[in-house]
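No value in this document is a laboratory result; all are computed from the given coordinates. It should be emphasised that the depicted structure is a prediction, and the values quoted were computed from it without experimental measurement. Cβ coordinates were reconstructed from backbone atoms using ideal geometry, including for glycine residues, and neighbour counts include every protein chain displayed.
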Amino acid sequence: MQSTDSSRMSPQRTSINVERRFPLDLRQSDQAIRELYEDAKCGRWKPDVDIPWEKFNASAYDAATMDAARKVWSRRAWLEYTGLAETPALIIRFCLELDREADPKYFLTVRNTEEAWHVESFHRYAEACGGYLEAPVNPQWQPLFNRGFHRDALDSKRSLDGHVLTHCLFGDGLECALATAWHANTREVVAKELLKRCAEDRERHARFGWLYIERRAALMSDEERATATQMLVSHLEQVELAGAHCVGLATTIDASADVLDTDLVASAGMGAVTAQEEVAIFTQYLASCRERLGTIGIHLPLLTHSTLGKI
């Protein structure tokens, strides 16, 4: 998809750290994160083998439901595809920054593999529902998916801790909460198994974010905490409250068709909850994050949404 956002289409320079590799310390420094890495290796699954694709019964659903499902699952593939570029960029940033631990670098490699499995599976499910869509029907959505998170991860002028706070702690945690809810409301057997696998992966991804930030918070100065917090706030205001993960949050984009699709897929038990329920999940997760972050000295302010008010 080509972005229609002119700020993203103009040439930009990304400041990248000069590599200073030695001394190269590969000692284990965080037992909990190393265990996440080991768990991910043991939990390895194969989308073409471990998902019962042959059990999908297209004839059980009417044309409108199938069309809605292909749109919903295509959208998930577009969102997950972001990680295929963002996670390798984050690994590079960890490797180039002095004194960053080895354990997160190892874990992020398996995070990227799991993201690839999710993209493959979401694409295949959309195909089973009548055909994967290569771009949003409404072109207004395109700039929201073309955010250049990989460039942000590489940019040495941006806080690495702020990036982890935004995309690993909050972003992966939100995706885990949503996938868990989708799975609980799913009756179709293929989507049920697929979302079970994805929710387990995303729970690990979110735990990594929390483990890393909870440890790093004690080392941050007040200025560093403020910078990291502002990165998260900007992401929430520009991306999440615009409807990236929860279409019911969109206000500047006409999401009425997307809301109807989401609700229809939820009613059919094909791997969703209603758009209104997704908004509730978002607001509850945001509140829980704010409370938990406050205990480690990261104070997330209230946000303003044009229809929800202060959240």
Under 19 Å Cα to Cα from residue 105, which lysines show up? Leave out anything in the same chain fewer than 8 places away.
41
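Computed FRET efficiency, Cβ-Cβ of residue 184 and residue 39, R0 22 Å: what is it to the nearest 0.05? Write down the numbers at each step before the final one.
Numbers: r = 22 Å, r/R0 = 1.02.
That gives a FRET efficiency of 0.45.
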19 Å reach of a label modelled at residue 133, 7 Å along Cα-to-Cβ, counting backbone N of the stretch 234-266:
242-266
Pairwise label distance in nanometres, residue 221 with residue 306, each label 7 Å out on the Cα-Cβ vector
3.9 nm
Of 153, 141, 191, which is farthest towards the positive pole of the stretch 52-210's charge dipole, taken about the Cα centre with +1 and -1 on the beta-carbons of Lys, Arg and Asp, Glu respectively?
141
List the lysines whose Cα sits under 22 Å from the Cα of residue 192, skipping any in the same chain fewer than 8 residues away.
46, 55, 71
Alpha carbon centroid spacing (whole Å) that separates the stretch 132-165 from the stretch 223-267:
13 Å
Helix 256-268 sits at what angle to the longest principal axis of the chain, using alpha carbons and giving 0 to 90 degrees rounded to 10?
70 degrees
Any idea what angle helix 189-217 forms with the longest principal axis of the chain, computed on alpha-carbon atoms, 0 to 90 degrees, nearest 10?
20 degrees
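How would you rank 266-272, 169-175, highest first, on the average number of other Cβ atoms within 10 Å across their residues? Spell out each step's value before the answer.
Values: 266-272: 21.7, 169-175: 24.4.
The densest-packed peptide leads the list: 169-175, 266-272.
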Between the Cα axis of helix 172-184 and the main Cα principal axis of the chain, the angle (0 to 90°, nearest 10) is 30 degrees
How large is the Kirkwood hydrodynamic radius of the chain, in angstrom, based on all distinct alpha carbon pairs?
20.2 Å
Over all alpha-carbon pairs of the stretch 236-287, lay out the pair-distance distribution in 5 Å bins, whole %, shortest bin first.
5, 23, 29, 24, 14, 4, 0
Assuming 0.36 nm per residue, please report the length gained on full extension of the stretch residue 64 to residue 267 beyond their Cα-Cα distance.
71.9 nm
Give the value in nm², to one decimal: projected area of the alpha carbon convex hull of the stretch 127-172, averaged over all directions.
4.8 nm²
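Can you compute the helix-only [θ] at 222 nm over the chain? Use -39500 (n - 2.57) per DSSP H run of at least 4 residues, normalise by all residues, nearest 500 deg cm²/dmol.
Working: 13 runs with 184 residues, N = 311.
Helix-only estimate at 222 nm: -19000 deg cm²/dmol.
If I stretch the segment between residue 295 and residue 214 completely, what's the gain in nm (0.36 nm per residue apart, minus their alpha carbon distance), one decimal? Before the final figure, lay out each step's value.
Values: separation 81, 0.36 × 81 = 29.16 nm, distance 0.94 nm.
The residue 295-residue 214 span can extend by a further 28.2 nm.
Sort 66-75, 110-119 by the packing proxy (mean of other Cβ within 10 Å over each peptide's residues), most packed first. Provide the component values of the computation, followed by the final result.
Numbers: 66-75: 23.0, 110-119: 20.5.
Put in order of decreasing packing, that is 66-75, 110-119.
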If r is the Cβ-Cβ distance from residue 29 to residue 156 and R0 is 30 Å, what FRET efficiency results, to the nearest 0.05?
0.85
